[in-house]
Amino acid sequence: MSIQGYANQFVCDLVAYEPGKPVEETARELGLDPSQIIKLASNENPFGPSPLAKEAMTKALDEAHIYPDGGAWKLRNAIAEKYGVEMGNVVLGNGSNEIIELMCHCFLRPGAALIAAEHAFVVYKLMATLFGADYVEVPDPEFVHDLEAMADAITPETRLVFVANPNNPTGTLVGQEAIDRFVERLPEHVVAVFDEAYHEFLSDAPDTVKYVREGRNVVVMRTFSKAQGLAALRIGFGLAPKAIADVLHKARQPFNANAIAQAGALAAIEDEAHVRKTVENNEAGLAYYHEEFTKRGLQYVPSVANFVLVEVGDGDRVFAEMLKKGVIVRAMRSYKLPGWVRISVGTPEQNRRCLVVLDEILAG
Ligand SMILES: *Cc1c(COP(=O)(O)O)cnc(C)c1O
């Protein structure tokens, strides 16, 4: 038998996550200069990292030979203060993606189940599969999470329900009332995880942190990858009631959040100006895309995040053709949306160029 026969079958069967195509790789393949290429494929910050974070990280490099503070005292305290929780409620992750993994580590096993929406962020499914658990998908009419149906899907085997809010790739939000009703319905053996990676972009964000303060079975996930522009550093966090946070801490590697990332994130928390600039640009960019898609009669999902899902006919073809012209977007076949692409909001100039290229391809 090949050695793979001895590996866990559910791991071998996994279809690996396909990230947005990197600029460098595209430049190499097309023989272009990287500066000629724009990437609107991974919902990154078009203005780059927070300048305050950059400065703090440069300083932190002097201590790169020292192991990080595994307890991340400064950063966890700063996060706790900002969100009105205790340091014991804060768990750092190597990106908030790691919090997803830690939750699955702690609560899933073969026979247990994770519930998510039909067009939810794909990492939930990957992680449920990785732990040999059942992945239960609940339809999301009009691309909006149906929290009543998700609560109805809970069984004695259910341990986790993931709600991406706003969701990626749909950009849709569920509001406070629906969330409140949903949390009321949670049985004691189930944890609801609200993945709020795009929280900063919302003008009217629902409050889920109150449930963490109340000690309910609710975990809130946030990240420094999007509005703060620190995606390369891999730093995010979960806010969890102490009983859940304590278990998550047991499952993580001792130095899962590296020292440079901790320093950058700590400074980024203070950099409200960078977030404000990013959010203002995003509002204008969203309005621009929505309006331009409407003019062209293209079907799109109105978004409150920093990207828009738009129907273009053949998503793989449009992705490939746009790539040749130096604009990287994301094809959506892996989300069972083969006719759609997802476009991140860039600078006004990047957004305009993206539409010029899209027009050329849809005309051709
Ligand atoms: C981008 C994103 C994340 C953040 O991932 P990091 O690991 O923190 O970079 C988490 N959830 C969703 C839904 C996302 O779109």
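Residue order by solvent-accessible surface for His274, His65, His199 is His65, His199, His274, largest first, with ligands and nucleic acids left out and a 1.4 Å probe. Taking a Cβ cut-off of under 13 Å around Pro338, the surrounding Lys, Arg, Asp and Glu residues balance to a net charge of +2, with basic ones at +1 and acidic ones at -1.
The distance linking the range 180-226 with the range 344-359 is 33 Å (Cα centroid to Cα centroid, whole angstrom).
In the context of the full set of protein chains, the range 240-364 has a per residue accessible area of 44 Å² (1.4 Å probe).
Computed over the alpha-carbon pairs of the range 177-231, the distance histogram in 5 Å steps reads 4, 17, 27, 23, 14, 9, 5, 1 percent, short to long. The residues packed around Asp140, meaning those with a beta-carbon under 11 Å from its beta-carbon, carry a net charge of -4 if Lys and Arg are +1 and Asp and Glu are -1.
Given 4 °C and 1.567 mPa s, compute D for the range 234-364 with the Stokes-Einstein relation, Rh being the Kirkwood radius over Cα pairs; round to the nearest whole µm²/s. Intermediate results must be reported in sequence, preceding the final value.
Working: Rh = 17.4 Å.
Estimated diffusion coefficient is 74 µm²/s.
Applying 1/(1 + (r/R0)^6) with R0 = 45 Å to the Cβ-Cβ distance of Glu349 and Glu86 gives a FRET efficiency near 0.55.
Inter-part distance, the range 14-79 to the range 244-315, computed on C-alpha centroids, equals 14 Å. The Rg/Rh ratio for the range 324-364, using Cα coordinates for both the radius of gyration and the Kirkwood hydrodynamic radius, is 0.99. At a probe radius of 1.4 angstrom, the accessible area of the range 33-73 per residue rounds to 61 square angstrom. Counting protein heavy atoms only, the chain has 53 percent of its accessible area on carbon and sulfur, 1.4 angstrom probe.
A Förster radius of 35 Å combined with the Cβ-Cβ distance from Glu214 to Tyr135 puts the calculated FRET efficiency at roughly 0.75.
Summing +1 for each Lys or Arg and -1 for each Asp or Glu among the other residues whose beta-carbon sits under 13 angstrom from that of Phe307 gives +3.
The residue list Val220, Ala120, Ala245 was ranked by how far each Cα lies along the charge dipole of the range 51-271 toward its positive end, using unit charges on Cβ atoms, and Ala245 comes out on top. Only alpha carbons enter this Debye calculation for the range 115-209, each as an equal point scatterer, and the log10 of I(q)/I(0) it gives at q = 0.14 Å⁻¹ is -0.47.
Once both labels are positioned 7 Å from their Cα atoms along Cα-to-Cβ, the gap between Val15 and Glu55 label points is 4.7 nm.
Hey, if you drop one equal point scatterer on each alpha-carbon of the range 51-271 and run the Debye formula without solvent, what base-10 log of I(q)/I(0) do you get at q = 0.09, 0.12, 0.14, 0.16 Å⁻¹? Listed by q, the Debye log ratios stand at -0.34, -0.61, -0.82, -1.07. Less than 5 angstrom separates the built amide H of Val191 from those of Leu160, Val161, all sequence-distant by 5 or more or on a different chain.
Report the antiparallel proportion of the DSSP beta bridges in the chain as a percent, rounded to a multiple of 5. Walk me through the numbers on the way to the answer.
Details: 17 of 36 bridges.
Antiparallel bridges make up about 45 percent of those DSSP assigns within the chain.
Gain on full extension, evaluated as 0.36 nm per residue between Tyr67 and Thr155 minus their Cα-Cα distance, stands at 27.4 nm. Summing Cβ point charges (Lys, Arg +1; Asp, Glu -1) relative to the Cα centre of the chain gives a dipole of roughly 620 debye.
The values are calculated or read from the model by the stated rules, or taken from the named source; none is laboratory data. Computed from a predicted model, the values in this text were never measured in an experiment. Using ideal geometry, Cβ is built from the backbone for each residue, glycine included, and neighbour counts are taken over all protein chains shown. Keep in mind that these areas ignore ligands, DNA and RNA; they rest on the heavy atoms of the full protein, side chains included. Shrake-Rupley method; radii C 1.70, N 1.55, O 1.52, S 1.80 Å.
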